[in-house]
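Peer 1: Before we start, here is the structure in question, set down as structure tokens.
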Amino acid sequence: MDLGNVASLSLFYPEIVLAGTILVLTILDLVVANKRAMAYLGLAGCLVALGATVDLYGTEPTLLFHRMVALDNFSLFFKVVTLAALVGAIWMSIGSGEVRQVHLGEYYIVLLTCGFGMFFMASANNLLMAYLGLELVSLTSYILTGMLPHNRRSAEAALKYLIYGGVASGTMIYGMSWVFGMAGSLDYATINAAMAEGGGNQIALFMAFVFILAGFGYKMAFAPFHMWSPDVYQGAPTPFTGFLSVASNAAGVAILIRFFYPAVSTLGQEGAWAFQALPALQWTDLLVALSIITMTWGNLSALNQRNVKRLLAYSGIAHAGYIMMGLVVLNNDGLNAMLFYVVVYLIMNLGAFLVVMIVANATGREDMDAYRGLAWRGAAFPAVCMMVFLASLTGLPPMAGFIGKLLLVAAIIEGQFYVLAVVAMINTVVSLYYYWRIVKTMFLDEPAPEDGPVAATASAMPLLGALMVLTIVLGVYWAPLLDYTTGSLGFFMP
Amino acid sequence: MELILFYVFAVTVVGGGIGVVASRNPVASLMFMVVSLASVAGIYVLLEAHFLAAIQVMVYAGAIMVLFLFVIMLLNLGHDYRDDLVRGLYAVCAFVVSGAICGILATRFGGAETSALYESFPGAAAMDLELAERGAVSLIARPLFQEYVVPFEITGILLLVAVVGAVALAKKRV
């Protein structure tokens, strides 16, 4: 189905709710003195939008607004992921001491707009829409990163992010202009038809795809476009870092899959995709190389980090490499594993940042020494939760991360990418070292006399408990989530 | 005549671009950019896209350049930039890569292939017809507020949040 502007509105209500919340917050910010109410209103808006998105799930795939926006299970899945991350981030922000220093009204407005942009990254069916969605997310991310007042690190991170982001999106839009030149249209379906006719030169197309991949890759933080990530993770307010690490990654995965699969490939028998745009060039080899470089670079750089937020940034780069593995096999099993991993990563990484926030609230520090003997300083529950999240990030059974990694590795072994599988295994072992160094510091190291007791932030406890329970439950009983991701692979095919 | 004019404008576009990169003073760079953008407007006139040419001059050569100038003056970037430039192997690599891209563009898009592309471009004939019937403004306005109305509105939200964010970043007292 292909709907016009007015007819589309009836299938567009999650976005309308979210945009309405943003506008209401913008106006209320001028009159309401109690900025805390803004957080609760934003949370309510996200929950309503979440309900609306879940309600729409399973609708017949439709193109809205003259083929600009695709409504299918795939986009709805990523909208649910984005909203879940938003809810988590707002909840974290309510209890965060760091966020209390910023302009709260503007903080929530910009945070919600960031999520709003991710909606369009997931559902764009047109290169213009994809670019606008990505730019909406980028701009809001720069603002939120630099929001901490009188903080040099935050300002520096925002500037670095802005410069890297500007270069990446400039490169991407240049590549898009090549695709437009060769296909004569920005619409994914028309591009697909032009590719099927063999339109466009192979080398020029390859370059254009590499340029576009640079823009998407910068959102996912995979090498060599990852340079911004450690500084930004360290400089940004922790709740936003948590949101950025999971949601920006998910949105990058969404826009990448949407462009490289339904737009320029065709779905063949039994869920195998043919990358028809470049029959003559070994596109998958490039993706394999990128994936290997990303995970190895991320893990090796994480080994020597003393700051836990920086360490989690490098771990995020490594995880971007793991998620990339699902792309190379060019079939639905790989994509399914990617979606599964995105959800699992959302839960465990948000949880890890929540613990970082709790420790930072109590001690004002983010380095490893602040975690010395954490379990014996009155924060036993956060310490145990952190252990669960780190075990899951490593990929140890019976945590959800193990199942996620298992699905990814199973998909690439089935696709006979043995080298990639071996590298992934070795990387898992490497990551064990730095993740468990934190666990060792928390449990086995004696607290020094100057380390005071750590008061756990009360408002964050329910969220922390829920994330921990989910991490364990999904590691034992993952079938419902797997069914959900399998059902979410319904694309609007041009 | 038209061909001569095209080459004049083309040379000024490229020359202006080189001037932007080569000049040491940011304000001088900016002036070269104005030259380059105004020459693009000239090429638009040669293509009989008068409306686009006017918009190009007003928006790019006018408004956006003034914004750039404001930013440069506010940031006081008067100093010499020679020390910031990357030299050596990086510069060689940059030249090789951009030369290769330039070569691909020239061989693949230049000459015969372009006109074939123009012939196959689906909307070309229809666009000419509509241009004659309704004029350029309507030709731009109708898609903008019909097919592209959602991107248009999203841009509105983008600008709104950019302003909100800029204010939040600029006022430091909470």
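Peer 1: Mind checking the dipole of segment A:229-363: about its Cα centre, +1 per Lys or Arg Cβ, -1 per Asp or Glu Cβ, Debye to the nearest 20? Could you put the intermediate results ahead of the total?
Peer 2: Numbers: 4 positive and 4 negative charges, 85 e Å.
Its charge dipole is roughly 400 debye.
Peer 1: Roughly what would the spin-label model give for A:L30 and A:T284, points 7 Å off Cα along C-beta, in nm?
Peer 2: According to this spin-label approximation, the distance is 5.7 nm.
Peer 1: Ordered by packing density, taken as the mean number of other Cβ atoms within 10 Å over each peptide's residues, highest first, how do A:459-470, A:22-33, A:387-398, B:35-46 rank? It would help to have the intermediate numbers written out before the result.
Peer 2: Working: A:459-470: 17.2, A:22-33: 14.0, A:387-398: 22.7, B:35-46: 18.8.
Output ranking for A:459-470, A:22-33, A:387-398, B:35-46: A:387-398, B:35-46, A:459-470, A:22-33.
Peer 1: If you don't mind, there's one more thing I want to ask. Pop the C-beta distance of A:M461 and B:C102 into the FRET formula with R0 = 60 Å and round what comes out to the nearest 0.05. Before the final figure, lay out the partial values.
Peer 2: Values: r = 59 Å, r/R0 = 0.99.
Taking R0 as 60 Å, the efficiency between A:M461 and B:C102 is 0.50.
Peer 1: Any idea how far the Cα center of segment A:119-168 sits from the one of segment A:270-339, in Å?
Peer 2: 22 Å
Peer 1: Determine the percent antiparallel among the DSSP beta bridges restricted to chain A, to the nearest 5.
Peer 2: Details: 9 of 10 bridges.
That works out to approximately 90 percent antiparallel.
Peer 1: Roughly how crowded by other chains is peptide A:109-116, in terms of the mean Cβ count from those chains within 10 Å of each of its Cβ atoms? Provide the component values of the computation, followed by the final result.
Peer 2: Numbers: counts 5, 5, 0, 1, 7, 1, 0, 4.
Counting other chains' Cβ atoms within 10 Å and averaging over A:109-116 gives 3.
Peer 1: Now, a different point. When Rg is the radius of gyration of the Cα atoms in segment B:1-80 and Rh is its Kirkwood radius, what does Rg/Rh come to?
Peer 2: Working: Rg = 13.8 Å, Rh = 13.2 Å.
Taking Rg over the Kirkwood Rh, I get 1.05.
Peer 1: Hey, which lysines would be in cross-link range of A:K405, C-alpha to C-alpha under 24 Å, not counting anything within fewer than 8 residues on its own chain?
Peer 2: Result set, ordered by chain and number: A:K79, A:K219, A:K309, A:K440.
Peer 1: Calculated FRET efficiency, A:A479 and A:I413, Cβ-Cβ r, R0 22 Å, to nearest 0.05?
Peer 2: Values: r = 21 Å, r/R0 = 0.96.
Calculated transfer efficiency: 0.55.
Peer 1: As I understand it, the dipole of segment A:156-272 uses +1 on the Cβ of Lys and Arg and -1 on the Cβ of Asp and Glu, about the Cα centre. Which of A:L186, A:V264, A:S229 lies farthest toward its positive end?
Peer 2: Farthest along the dipole direction, towards plus: A:S229.
Peer 1: Shifting gears a bit: Please give the helix A:104-123 orientation as an angle from the longest Cα principal axis of chain A, in degrees from 0 to 90, rounded to the nearest 10.
Peer 2: Tilt of helix A:104-123: around 30 degrees.
Peer 1: If you place +1 on the Cβ of every Lys and Arg and -1 on the Cβ of every Asp and Glu, how big does the dipole about the Cα centre of the protein assembly as shown come out, in debye to the nearest 20? Walk me through the intermediate numbers first.
Peer 2: Details: 28 positive and 37 negative charges, 386 e Å.
I would put it at about 1860 debye.
Peer 1: So if I restrict to the alpha-carbon atoms in chain A, what is the Rg, and what is Dmax, the biggest pairwise distance, in Å?
Peer 2: Computed over the Cα atoms of chain A, radius of gyration and Dmax are 21.6, 73 Å.
Peer 1: Just to confirm the filter: which trypsin sites (Lys or Arg not before Pro) across segment A:247-339 are DSSP coil and have at most 13 other Cβ within 10 angstrom of their Cβ? Walk me through the numbers on the way to the answer.
Peer 2: Values: sites: A:R258, A:R306, A:K309, A:R310; in loops: A:R306.
Loop-located and lightly packed - A:R306.
Peer 1: When the dipole is taken about the Cα centre of segment A:289-494, and only Lys, Arg (+1) and Asp, Glu (-1) are charged at their Cβ, what size is it in debye, to the nearest 20? Walk me through the intermediate numbers first.
Peer 2: Numbers: 9 positive and 10 negative charges, 36 e Å.
Roughly 180 debye for segment A:289-494.
Peer 1: Less than 9 Å Cβ to Cβ from A:M68, Lys/Arg counted +1 and Asp/Glu -1: what total charge do the surrounding residues give? Walk me through the numbers on the way to the answer.
Peer 2: Values: positive: A:R67; negative: A:D187, B:E147.
Residues near A:M68 contribute -1 overall.
Peer 1: Still on this structure, I have one more. Apply 1/(1 + (r/R0)^6) to the Cβ-Cβ distance of A:M425 and B:L5, taking R0 = 56 Å, and write down the FRET efficiency to the nearest 0.05. Present the calculation step by step, with values, prior to reporting the outcome.
Peer 2: Values: r = 64 Å, r/R0 = 1.15.
Efficiency computed from Cβ-Cβ geometry: 0.30.
Peer 1: What is the Cα coordinate range of segment A:289-494 on the first, second and third principal axes, sorted by size from largest, in whole angstrom?
Peer 2: On the principal axes, segment A:289-494 reaches 61, 32, 29 Å in Cα extent.
Peer 1: Could you tell me the accessible area of A:Y433 in Å² (1.4 Å probe, neighbours in place), rounded to the nearest ten?
Peer 2: Estimated to the nearest 10 Å², A:Y433 gives 130 Å².
Peer 1: A follow-up question, please. Top to bottom by accessible area (1.4 Å), largest first, where do A:M176, A:M227 land? Don't skip to the end; give the middle numbers.
Peer 2: Values: A:M176 10, A:M227 85 Å².
The residues order as A:M227, A:M176, largest area first.
Peer 1: Just the accessible area for A:Y13, please: 1.4 Å probe, Å², rounded to the nearest 10?
Peer 2: Roughly 70 Å² of A:Y13 is accessible to a 1.4 Å probe.
Peer 1: By per-residue mean of other Cβ atoms within 10 Å, what is the highest-first order of B:151-157, A:94-100? It would help to have the intermediate numbers written out before the result.
Peer 2: Working: B:151-157: 16.4, A:94-100: 20.1.
Ranking the peptides B:151-157, A:94-100 by packing returns A:94-100, B:151-157.
Peer 1: What do you get for the angle between helix A:202-220 and the principal long axis of chain A? Use alpha-carbon atoms, 0 to 90 degrees, nearest ten.
Peer 2: So the inclination is approximately 20 degrees.
Peer 1: Let me ask something else about it. Picking from A:L444, A:A130, A:F389, whose Cα lies most toward the positive end of the charge dipole for the protein assembly as shown (charges on Cβ: Lys, Arg +1; Asp, Glu -1)?
Peer 2: Final value for the positive-end residue is A:L444.
Peer 1: Between B:A63 and A:E60, how many nm apart are label points set 7 Å from Cα along the C-beta direction?
Peer 2: Between B:A63 and A:E60, the simple spin-label model gives 4.2 nm.
Peer 1: Expressed as an acute angle from 0 to 90° and rounded to the nearest 10, what is the orientation of the C-alpha long axis of helix A:380-394 relative to the principal long axis of chain A?
Peer 2: Computed tilt is about 30 degrees.
The values are calculated or read from the model by the stated rules, or taken from the named source; none is laboratory data. Quick caveat, the model's predicted, so the values are computed rather than measured. We place every Cβ from the backbone using ideal geometry, glycine too, and count neighbours over all the protein chains shown. Heads up: the accessible areas ignore ligands, DNA and RNA and are worked out on the full protein's heavy atoms, side chains in. Shrake-Rupley method; radii C 1.70, N 1.55, O 1.52, S 1.80 Å.
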